[in-house]
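Student: Input: one structure, supplied below.
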Amino acid sequence: MHVVCSLFDASSCLASLGRELPRQTACVIKRNKQKKRNKLMAEAVVGFVIQKLGDLLWQEGSNLHEVEDQVEWLKRELGRMQCFLKDADAKKNKGNDERVKHWVTEMRNLAFEAEDIIDNFMDLKLRRSLGYEAEDVIDTSMDLNHRGILGNIRDIFKSNVSKRCKIGMDIDGIKDKLQELSESRKLYGIDIGETTGTTSHFRSQHVIPILPQLNDDIDMVGFDDEKKKIVQELVDINNTNRSVISIVGMGGLGKTTLAKSIYNDLEVKKSFDIFAWVIISQQYTILEILKGILSEKSETSSEDIIQTLSVKVFEKLQKGKYLVVLDDVWKADLWNELLKVFPNVNNGSRVIITTRNLNVAKIAYPTIQPHELRLLNEKESKELFLCKVFPRQDIKTCCPTYLVEYAHQLVQRCGGLPLALVVLGGLISTKAHTQDAWRKVVESMKGQFVEGGDRCLEILALSYNDLTYFLKLCFLYFGCFREDMNIPAKTLIRLWSAEGFLPTKNDKKIEEFGFDCLEELAQRCLIQVTMREYDDSSKYCRIHDLLRDMCISEAKENKFLEIYQNDTINCATIANAARRLIIFNEIEILNYSKANLKGLFYGHVNLCLSFRTLKGQLGKFKLLRVLCLNTDDMPEFPTEIKSLIHLRYLEFFGHNWKEVPSLIGHLRNLQTFIVDGGCFEKISDSLWTTGNLRHVDLSMSRGADPPNMGNDVLKNLQTLQGVKAGSWIGNTLPKLTNLCELSIFGVFNDHAGALFSSLQNLGCLAFFFTEGHKTPLDNIITAFSNQHCLKKLYLSGSLNRKQLPHNDVFPQQLVELRLIYSGLEQDPMATLEKLPCLKYLHLFNAYTGKKMICSATGFPQLVSLEIVFLHKLEEWTIEVNSMSCLKSLMIDCCQRLKTIPKGLNNVRLDQLKLTSMPKQFRTRVEENSGEDWYKIQHVPNISIIPQDKETAEEIDEEIA
């Protein structure tokens with residue numbers, strides 16, 4: 001009876017909290033005028049908490065009969081609350097009242113307290129359902145024989161009653177603080193009321209919107225003369241010395257944009273043999289820079305490897321005339337550290353440095369005057385601004401006459417700073433082309449700006465404040481990634497989903513809505529999409545360092561995250577510690593005792609940290625939702641993770657353990673599980689009992705047994721990567737009907753029939769990779785003949801019939817195809833060229849014939865073609881009008897190919913890469929003198945890389 005009453009009390013208090021928190025907040029907010037930027041974030045937090053409360057009560061309502069009426073009322077009231085909070089979040093901020101700032105901070109902290117109470121209540125309920133209560137109250141060292149079973153049960157009973165009572169007391173405390181906060185607002189005359197805001201509602205779209213152009217050549221405005229000067233310095237044949245050319249300017253001035261435009265210039269591409277682009281940033285290591293120049297992916301940090309890579313870099317650059325760009329250099333002594341790896345052989349090699357520090361340029365090459373960039377003038381500023389507001393339109397006529405004056409005022413506010421113009425233009429591009437909409441933006445900017453870099457930061461803040469509350473949260477998450485990182489879009493969206501940032505929509509998956517959010521941020525120029533997928537969706541993205549600085553500043557102020565270092569303030573002393581902790585450097589002790597942590601990022605892909613710092617610490621963060629561990633000394637799967645039952649995203653990199661144990665099954669809320677960089681031998685079957693799993697990537701763990709999924713149907717599973725073939729293919733795979741990405745290795749002939757049958761049931765599958773041996777992979781192709789979603793297909797292994805099936809049985813929507821070790825004896829081009837949507841084709845040791853023909857009108861959509869290790873290929877013909885859209889061609893290690901393909905001169909290529917081809921072949925393509933030069937002289941970007949000794953040995957082995 002006491003248990004029921006205490007549960008009833010806690011639930012009633014939660015219902016009361018659900019009524020009081022939004023009602024008090026509404027009364028406070030709707031009466032007054034908002035005056036400080038971080039109020040928007042506070043409202044976002046409050047809205048997020050209330051949404052979680054509603055979800056909780058809906059879930060538990062059926063079991064709490066005593067509060068059924070209150071729950072039903074709360075459901076109705078919650079809808080009104082959320083509508084209000086979204087409207088409140090759309091208000092703009094004006095003024096600089098410290099009273100408002102302090103009051104909003106207290107409201108935010110109170111919202112965090114409420115969130116913790118709700119999370120603790122959910123934790124209690126979940127642990128009760130999983131039978132973890134005994135583990136929470138009984139110390140493992142307790143003498144059970146002495147105490148007796150009844151004594152232990154009594155302890156459990158008392159503990160649970162105590163916890164539920166504490167929830168009620170905590171909620172009473174929240175109510176008292178809300179009352180005090182409301183009275184203090186009246187007492188001190190704190191005005192936080194309604195205004196007309198500029199925030200636009202998020203536009204959930206089924207198609208990708210027309211985005212502002214992010215192409216560097218199009219966006220570069222005002223630096224044409226500077227570009228000509230630098231290009232002339234680069235290609236000057238009279239200066240054969242190795243020279244360093246520096247581009248200097250404040251953040252946001254366009255240094256990187258100018259450097260990229262120069263790097264991709266046709267005249268420059270024809271003047272150099274070897275190219276490399278490395279982003280340096282504030283936190284760099286010599287190892288990462290060397291790898292960037294070599295484009296090597298190996299992960300290590302030992303001193304002897306740095307020495308080895310230094311030699312490799314020197315030897316690589318010594319082979320030809322090189323152009324290396326060192327982007328975003330901060331420290332003046334970097335050049336002296338790298339000087340020895342850049343050979344000076346008097347062949348006109350060049351190094352370009354971009355930096356904010358003039359002293360960096362003077363130290364690197366004191367005899368050449370640095371190129372100091374200026375601010376844009378009014379005409380140039382207007383041009384860049386309108387390029388962003390009206391993409392792909394004529395700048396002279398795109399702006400309606402009734403908006404010209406507003407455009408002028410907006411441009412004036414940017415003070416000629418390109419980044420400010422780009423971001424503000426991105427913001428305006430989301431607004432209606434009306435005087436009222438543009439006037440509101442102009443009015444919101446009045447009196448806010450100061451000189452220098454702060455002007456840009458204010459504009460960035462304006463664009464941030466215009467976001468909806470969940471887009472603010474999504475944007476702040478970019479602060480969790482290290483500077484200048486190319487962030488995988490899928491990783492970002494999975495993290496957003498794990499945190500609960502993405503609103504659910506009935507007509508689309510959470511992941512689809514996440515991509516919409518990413519596109520929205522890109523359209524506003526708050527982030528950059530650096531690479532797109534075959535369907536034009538985002539693949540990688542990054543954030544400008546100034547925007548990242550603003551992002552981290554805002555996130556820290558709102559306790560969203562903290563970047564932890566040895567000299568960081570003791571977070572345990574902060575009343576409301578940050579919800580996410582980022583650790584990117586080695587630390588001796590993790591001095592962080594708050595148990596309300598929601599996310600922990602430890603190390604990164606290029607730096608594995610020691611696990612000893614975290615050992616024994618993870619268990620106290622019982623409310624963690626996200627855990628990313630990059631370590632190199634983790635001997636086994638951490639048993640502490642068993643207690644982190646709220647985890648939704650779990651990622652390991654660089655581990656040494658051999659087994660994923662059964663305790664993984666305790667993580668009932670787990671959505672994403674990623675293990676990379678290890679070679680474990682066993683994966684517990686309990687992993688597949690986690691019903692919320694959406695994404696599993698086991699990184700091709702070849703030593704592990706096939707998964708045993710039993711009778712469990714993972715209806716939410718969308719990604720399954722790196723699993724071994726087995727009986728599950730026939731028993732379970734056909735039930736995973738929501739799979740979008742699937743990769744299987746170790747496929748043998750015994751699996752062929754089951755795989756063929758199961759694949760036909762996977763109507764949502766967009767990507768499939770399989771690796772097998774002597775498997776009829778041609779049957780796998782035909783399994784997709786009636787599928788309309790499959791876009792990417794990777795097949796590694798021989799085809800039994802030694803030829804491709806007829807093009808009619810190929811999936812007709814196929815965009816990307818990779819054939820590896822296929823053993824084809826008949827020319828595959830006759831079939832593949834008829835695929836109507838194929839854009840990317842990669843053939844690796846896939847064809848053993850001597851001749852290959854690409855017919856006229858074949859490959860109508862092909863953009864990229866890579867031919868690698870076709871050892872017996874001797875002759876290749878490209879007929880007129882074949883591959884009319886081809887932009888990139890790579891020919892690698894085709895030792896018997898005598899000449900450049902006949903007809904290549906009719907293909908309008910942008911890039912041609914010839915790697916490890918025989919000397920006779922390379923002689924024929926020598927500039928101006930080679931017999932085949934006329935076939936490729938029209939190609940702007942040509943890269944010819946001779947084979948080294950190591951590659952030659954590999955080729956000999958392959959041929960043998």
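The values are calculated or read from the model by the stated rules, or taken from the named source; none is laboratory data. Nothing here was measured: the structure is a model prediction, and the numbers come from that model. Please note: Cβ atoms are built from the backbone with ideal geometry, for glycine as well, and neighbour counts cover all protein chains shown. Note: accessible area is taken over every heavy atom of the protein model, side chains too, but ligands, DNA and RNA are not part of it. Shrake-Rupley method; radii C 1.70, N 1.55, O 1.52, S 1.80 Å.
Student: To one decimal place, what Kirkwood hydrodynamic radius in Å is obtained for region 474-546 from all pairs of distinct Cα atoms?
Tutor: Result for region 474-546, one decimal place: 12.4 Å.
Student: Pairs Lys490/Lys658; Lys490/Lys913; Lys316/Lys872; Lys269/Lys887: which are spaced more than 20 Å apart, C-alpha to C-alpha?
Tutor: Correct reply: Lys490/Lys658; Lys490/Lys913; Lys316/Lys872.
Student: Do you know the Lys pair count in region 703-856 for C-alpha distances under 23 Å, with sequence separation 8 or more or different chains?
Tutor: The result is 24.
Student: Would you rank Ser699, Ser444 by solvent-accessible area, highest first, keeping every protein chain in place and using a 1.4 Å probe?
Tutor: Ser699, Ser444
Student: Under unit Cβ charges (Lys, Arg +1; Asp, Glu -1), what dipole magnitude, rounded to 20 debye, does region 653-748 have relative to its Cα centre?
Tutor: For region 653-748, the charge dipole is close to 140 debye.
Student: Can you give me the % of accessible surface on region 431-554 that is carbon or sulfur? Probe 1.4 Å, all protein chains present, nothing else counted.
Tutor: Whole-percent figure for carbon plus sulfur exposure: 47.
Student: Distance from the Cα centre of region 882-937 to that of region 604-619, in angstrom?
Tutor: Taking the Cα centre of each part, region 882-937 and region 604-619 sit 49 Å apart.
Student: Order the following by accessible area, largest value first: His544, His938, His871. Probe radius 1.4 Å; ligands, DNA and RNA are ignored.
Tutor: Heavy-atom accessible area, descending, gives His938, His544, His871.
Student: Determine how large the accessible area of Glu927 is when every protein chain is in place; take a 1.4 Å probe and give Å² rounded to the nearest 10.
Tutor: The accessible area of Glu927 comes to roughly 110 Å².
Student: Here's another thing I want to ask about it. Probe radius 1.4 Å, ligands and nucleic acids left out: which of Tyr365, Tyr821 has the largest accessible area, and how do the rest follow?
Tutor: The ordering from most to least exposed comes out as Tyr821, Tyr365.
Student: How much FRET efficiency would the formula 1/(1 + (r/R0)^6) give for Phe748 and Ser281, where r is the Cβ-Cβ distance and R0 is 45 Å, rounded to 0.05?
Tutor: 0.45
Student: If you count only protein heavy atoms with a 1.4 Å probe, what accessible area per residue comes out for region 350-399, rounded to a whole Å²?
Tutor: 52
Student: What percentage of the solvent-accessible surface of region 720-761, computed with a 1.4 Å probe over protein heavy atoms, is contributed by carbon and sulfur atoms?
Tutor: 45
Student: In square angstrom, rounded to the nearest 10, how much accessible surface does Phe748 have for a 1.4 Å probe?
Tutor: 100
Student: Give me the number: length gained by fully extending Glu927 to Glu681, i.e. 0.36 nm times residue separation minus the C-alpha to C-alpha distance, one decimal in nm.
Tutor: Stretched fully, the Glu927-Glu681 segment lengthens by 83.2 nm.
Student: I'd like the accessible area for Met883: 1.4 Å probe, protein heavy atoms, all chains in place, Å² to the nearest 10.
Tutor: Its heavy atoms expose roughly 0 Å² to the probe.
Student: Additional query: Calculate the FRET efficiency for Asn344 and Ser888 from the Cβ-Cβ distance with a Förster distance of 25 Å, rounded to the nearest 0.05.
Tutor: The computed FRET efficiency comes out at 0.15.
Student: Quick one: with all protein chains in place, what share of the accessible area of region 574-694 is carbon or sulfur, to the nearest percent (1.4 Å probe)?
Tutor: Its accessible area is 48 percent carbon and sulfur atoms.
Student: What FRET efficiency would be calculated for the residue pair Tyr934, Ser553, taking the C-beta separation as r and a Förster radius of 56 Å, to the nearest 0.05?
Tutor: For Tyr934 and Ser553, the calculated efficiency is 0.45.
Student: Quote to one decimal, in nm, the extra length available between Ala856 and Glu588 on full extension: 0.36 nm per residue of separation minus the C-alpha distance between them.
Tutor: Residue separation times 0.36 nm, minus the Cα-Cα distance, leaves 89.9 nm.
Student: With Cβ to Cβ distances under 10 Å as the rule, what net charge do the other residues near Phe769 carry (K, R +1; D, E -1)?
Tutor: Here the charged neighbours net out to 0.
Student: Also: For region 685-730, what is the accessible area per residue in Å² when the probe is 1.4 Å?
Tutor: In whole numbers, region 685-730 has 37 Å² accessible per residue.
Student: Around Phe921, what is the net charge, scoring Lys/Arg as +1 and Asp/Glu as -1 over all other residues with Cβ under 13 Å from its Cβ?
Tutor: Neighbourhood net charge equals 0.
Student: Let me ask you something else. Suppose each label sits 7 Å from its Cα in the direction of the beta carbon; what would the Thr530-Ser699 distance come out to in nanometres?
Tutor: 2.0
Student: At what distance in nm do the modelled label points of Asn731 and Lys913 sit from each other, each positioned 7 Å from its Cα along Cα→Cβ?
Tutor: 4.3
Student: If each residue of separation counts as 0.36 nm, what is the full-extension length gain between Glu180 and Asn800 once their alpha-carbon separation is subtracted?
Tutor: Fully extending the segment from Glu180 to Asn800 adds 215.4 nm.
Student: Can I ask one more? What ratio of Cα Rg to 2.2 N^0.38 Å holds for region 358-413?
Tutor: For region 358-413, the normalised Cα radius of gyration is 1.71.
Student: In Å², what does the accessible area per residue of region 455-521 work out to with a 1.4 Å probe?
Tutor: Heavy-atom accessible area per residue stands at 25 Å².
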